[in-house]
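Here is the structure we will look at.
The values are calculated or read from the model by the stated rules, or taken from the named source; none is laboratory data. Since this is a predicted model, take the numbers as computed values, not measurements. Cβ placement follows ideal geometry from the backbone for every residue including glycine, while neighbour counts extend to all protein chains displayed.
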2 protein chains.
Amino acid sequence: MKALIIAAGRGSRLKDFTDNEPKPLAQLLGLSLIERVVLTAREAGITEFVIVTGYLSEKIKTKLGNGEKYSVKINYIENKEWKKGNGISVLQGKDLINEKFVLLMTDHIFEADTLKRLLKTKLSDKECILVVDKTPKKHIDLNDATKVKIENNKIVDIGKGIKDYNGIDCGMFLCNQSLFNALKESIKKGDETLSGGIRILSKKGEMRYFDIKENFWIDIDTKKDFREAEKILCKRLTKLTDGPVSRFLNRPISIKISKLLVKTKLTPNSISFFSFALCLLSSYFFSLGSYLYVVIGGLLSQSASIIDGCDGEVARLKFQQTEYGAWFDAVLDRYADALIILGMTYGLWRLHGNAAVWIIGFIALAGSFMNSYTATKYDSIFKKSGKKPKVRLGRDIRLLLIMIGALSNQIFYTLIILGIITNAETIRRLYTLRKT
Amino acid sequence: MKALIIAAGRGSRLKDFTDNEPKPLAQLLGLSLIERVVLTAREAGITEFVIVTGYLSEKIKTKLGNGEKYSVKINYIENKEWKKGNGISVLQGKDLINEKFVLLMTDHIFEADTLKRLLKTKLSDKECILVVDKTPKKHIDLNDATKVKIENNKIVDIGKGIKDYNGIDCGMFLCNQSLFNALKESIKKGDETLSGGIRILSKKGEMRYFDIKENFWIDIDTKKDFREAEKILCKRLTKLTDGPVSRFLNRPISIKISKLLVKTKLTPNSISFFSFALCLLSSYFFSLGSYLYVVIGGLLSQSASIIDGCDGEVARLKFQQTEYGAWFDAVLDRYADALIILGMTYGLWRLHGNAAVWIIGFIALAGSFMNSYTATKYDSIFKKSGKKPKVRLGRDIRLLLIMIGALSNQIFYTLIILGIITNAETIRRLYTLRKT
């Protein structure tokens, strides 16, 4: 299925920016609005796009090209009359689209999940569907929103000014060719807006609605909307599987860093590697043994733990997630864990010269590895069951322990504690899962 | 769907055994024939069984009970006239089965995959299907086999004595109620065999065939057949993913041991644990450091490597495979690996007192863990692609290396080699998979 994206208007409420740039190229967390819409749709499975440009058309075409760099196909239509209503822009799509299609707005940010669900909805030949928010969150500006009135699954009225409404237009549609005919009719009558066309379909009883439910969406028109969207997109980076250390300490910091990193060209894999390099350095400082160096080692390992969250965050914010990236990160993390424990053990041995230190280091290393080795299985089973395991001894906790141990100059006991808790946790997992 | 299993006859060609025991209880690799048929069918998804007993009926009922211990439901019908043709036994099923059903013989061993494929075959209301082997392997006794003549997907003739045939009856059927009517007709005419009923369906054009293709099956009537079945079932234990050490050294020995183990009540998990205990012992001997002990350590670790194959083999032979079992084994193996490397390192350090030994041990341990950690991903990708990776540095190779190092009293170099090849292999995997 193709997606028709409307990117013709100027965005007068972002005047400072749009004097020289088209609104679709305004940046939101490392991606322009139009890139974000294209990539979200790609995540939902759409690979062919028709983009209607207007204001500063060439700049958009130069930026996106034929879509190759996003692994999609993009065609453009220019709407010379972009100053008129957006219904005229939509109507331009008529010649390039002759089947069912998705209609999206450049300035409406949404979740791929919403589009996935929408694409699964059955659509008869004479129907169009509009995605509607029946319980809009507080970030939606109701004064400016297009409202709809729903009765028995159908949209019966639409408009910014209607008083009797029970839902908000989310700017996403699943459409048939009938939309183009309705737009022609509406334009002929003097209403050049998309809402005008929708209103004509509503009157005929051919406009269904689709409930967005709890999924996130936002219409971006003002600077405040940008800040709001940033805030929400970042908040969504916290994972359900995040343990307390990650949730309350690492994630808040790593998200702040990721907000800066998305603006650079750094890839998630290079961030993973940087975090690994910090661990290598940490290992070196630990191996020197004396307190000052150990403190540096501890601070470095905790920094690495924080940065270790950024690769995934940047990947998610910029749609750069890959299976290989996740795996690459995991493999580097295991080597980093090994290096840090080796550094701690060696540093301790330099001070004390006692072989018991090495045995304790071995046990801590084995336990740390076993934590990672068993986690996949453990997490996948609890994921399937929908439950969240109460405790999850993860890397975030181990590295925080190491920093605390370093700051308090208790590397020996830190290794002992690590050895005990990691191996105990592994045995606990073996035991817990025995009935599965 | 229910399965009707015929277990009424005496099996006169196994006279020594069947003087006191019914043939269905004859043991094949730790399971009686009837258990093997029930469990193979369960693997294919069948959970309800009707078993027709006859000769020494009570012994079979006592053995299998209501099926609870196999997590299936078993009902019995006794055929007092079991000395007559087997068609009469099949006909007994009429009262307990009133839908499509699978018909199986106790003495026909087959692969779950064959039954799975058969169950997916569509069957019209007036048809029965017989599984047929068009290219019988050399273990099939053609003199004694029931032959069939196939024409255009239909069976047109059946019998032990027919001269013009192009397939062998594998003793597995997918049936409708029409089979019972055909049997009645055949018995009335004086032919009490199942083949008699099938012949009547054939004449009516209501008997289709199903090609068993390359899948294994065997009709077990003589002691020679038992030996043949044992040989083939054991040969099938070798896995596609087995590396050369496993294939040519460990597997041939472990299969011999498993043949004995299946006759005991040892569970696969207890075998996994025994292999782990051998590694613990191996680690202890390695840690003593002097040559004689190191040799014992090396022999023990290689023995553990061999026994480590038995848990899976016994599980597969006795239908005791579980996801948890595979995971339990994997976790114990990782600890065993860690213990052996720790033992080797400690033993070496006792002799030389050089801290470099510990660093080398750490590197070998990390590499060994990383081999296991990355293998899942690596193997799964190559499994998906259907290709077999050319080299697979697995545990079998590591433990063989350790034994060779122990016998040649070169633990130091063994650790260095382990450290190099395991980490090199991990980096190779990281590199190979980067484009996936």
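Does A:Ala182 count as without any contact (Cβ under 8 Å) to a residue 60 or more places away in the chain, assigned to a helix (DSSP H, G or I) and surrounded by 21 or more Cβ atoms within 10 Å (Cβ to Cβ)? Explain how you work it out, then say what you get.
Values: without any contact (Cβ under 8 Å) to a residue 60 or more places away in the chain: yes; assigned to a helix (DSSP H, G or I): yes; surrounded by 21 or more Cβ atoms within 10 Å (Cβ to Cβ): yes.
Yes: the conditions hold for A:Ala182.
Of the strands (runs of 3 or more DSSP E) that lie entirely inside segment B:57-161, those containing 3 or more residues that are free of Cβ contacts under 8 Å to residues at least 24 places away in the same chain span B:147-151. For beta carbons closer than 6 Å, sequence separation of 6+ or different chains, a first residue in segment B:1-14 that is on the phi > 0 side of the Ramachandran plot and a second that is of a type in the set (D, E, K, R), the qualifying pairs are B:Gly11/B:Lys23.
Given the condition at negative phi, aromatic (Phe, Trp, Tyr) and within 14 Å of another protein chain (Cβ to nearest Cβ), answer yes or no: does some residue in segment A:410-424 qualify?
To start, the set of residues in segment A:410-424 that are at negative phi comprises A:410-424.
Imposing the further condition that a residue be aromatic (Phe, Trp, Tyr) reduces the set to A:412-413.
Narrowing further to those that are within 14 Å of another protein chain (Cβ to nearest Cβ): none.
Scanning segment A:410-424, I find no residue that is at negative phi, aromatic (Phe, Trp, Tyr) and within 14 Å of another protein chain (Cβ to nearest Cβ), so the answer is no.
Summed over segment B:1-24, the residues that are in a helix (DSSP H, G or I) and surrounded by 22 or more Cβ atoms within 10 Å (Cβ to Cβ) give a count of 2.
Taking the conditions exactly as written (surrounded by fewer than 20 Cβ atoms within 10 Å (Cβ to Cβ) and assigned to a helix (DSSP H, G or I)), does A:Leu365 satisfy them or not?
Values: surrounded by fewer than 20 Cβ atoms within 10 Å (Cβ to Cβ): no; assigned to a helix (DSSP H, G or I): yes.
Criteria not met by A:Leu365.
Of all the residues in segment B:259-312, those that are more than 12 Å from B:Gly347 (Cβ to Cβ) and not in a helix (DSSP H, G or I) number 6.
Consider segment B:214-257 and keep the residues that are over 21 Å from B:Ala26 (Cβ atoms), in a loop (DSSP other than H, G, I, E, B) and polar (S, T, N, Q). The one that is nearest to the chain's Cα centre (by Cα) is B:Thr238.
Taken together, A:Leu317, A:Leu280 contain a single residue that is in contact (Cβ under 8 Å) with a residue 24 or more places away in the chain and within 17 Å of A:Thr264 (Cβ to Cβ), which is A:Leu317.
Every residue, every condition in (1) acidic (Asp, Glu); (2) buried (at least 21 other Cβ atoms within 10 Å of the Cβ); (3) under 20 Å from A:Arg236 (Cβ atoms), yes or no:
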site	(1), (2), (3)
A:Asp95	yes, no, no
A:Thr106	no, yes, no
A:Phe110	no, yes, yes
A:Lys126	no, no, no
A:Thr135	no, no, yes
A:His139	no, no, yes
A:Lys163	no, no, no
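Could you look through segment B:347-358, keep only residues that are surrounded by fewer than 23 Cβ atoms within 10 Å (Cβ to Cβ) and at the interface with chain A (Cβ under 7 Å from one of its Cβ atoms), and pick out the one that is nearest to B:Ala277 (Cα to Cα)? Filtering segment B:347-358 for residues that are surrounded by fewer than 23 Cβ atoms within 10 Å (Cβ to Cβ) and at the interface with chain A (Cβ under 7 Å from one of its Cβ atoms), the one nearest to B:Ala277 (Cα to Cα) comes out as B:Trp349.
Suppose the filter is farther than 27 Å from B:Lys83 by Cβ, out of contact with any Cys (no Cβ under 8 Å at 6 or more places or on another chain) and either in the same structural domain as B:Arg117 (by TED's automatic domain parsing) or of a type in the set (D, E, K, R) (or both); does B:Asn176 pass it? For B:Asn176, the condition - farther than 27 Å from B:Lys83 by Cβ, out of contact with any Cys (no Cβ under 8 Å at 6 or more places or on another chain) and either in the same structural domain as B:Arg117 (by TED's automatic domain parsing) or of a type in the set (D, E, K, R) (or both) - is not met.
With respect to the stated conditions, A:Phe382 is assigned by TED's automatic domain parsing to the domain that holds A:Leu280, surrounded by fewer than 20 Cβ atoms within 10 Å (Cβ to Cβ) and of a type in the set (Phe, Trp, Tyr). Within segment A:183-204, is even one residue within 25 Å of A:Phe17 (Cβ to Cβ), assigned by TED's automatic domain parsing to the domain that holds A:Ser32 and not acidic (Asp, Glu)? Within segment A:183-204, one or more residues are within 25 Å of A:Phe17 (Cβ to Cβ), assigned by TED's automatic domain parsing to the domain that holds A:Ser32 and not acidic (Asp, Glu).
Cβ separations smaller than 6 Å between residues 6+ apart or across chains give the following pairs from segment A:288-309 residues that are surrounded by fewer than 17 Cβ atoms within 10 Å (Cβ to Cβ) to residues that are in a loop (DSSP other than H, G, I, E, B): A:Tyr291/A:Asn409.
Looking across segment B:387-436, just one residue is touching a residue at least 24 places away in the same chain (Cβ under 8 Å), part of a loop (DSSP other than H, G, I, E, B) and over 33 Å from the mean Cα position of the chain (by Cα), and that is B:Asn409.
Within segment A:319-335, can one find any residue that is more than 12 Å from chain B (Cβ to nearest Cβ), in a loop (DSSP other than H, G, I, E, B) and either more than 21 Å from A:Phe276 (Cβ to Cβ) or among the hydrophobic types (A, V, I, L, M, F, W, C) (or both)? Before you say what the answer is, go through the steps one by one.
Taking segment A:319-335 first, the residues more than 12 Å from chain B (Cβ to nearest Cβ) are A:319-321.
Restricting the remaining residues to those that are in a loop (DSSP other than H, G, I, E, B) gives A:319-321.
Subsequent filtering for residues that are either more than 21 Å from A:Phe276 (Cβ to Cβ) or among the hydrophobic types (A, V, I, L, M, F, W, C) (or both) retains A:319.
Taking every residue of segment A:319-335 in turn, at least one turns out to be more than 12 Å from chain B (Cβ to nearest Cβ), in a loop (DSSP other than H, G, I, E, B) and either more than 21 Å from A:Phe276 (Cβ to Cβ) or among the hydrophobic types (A, V, I, L, M, F, W, C) (or both).
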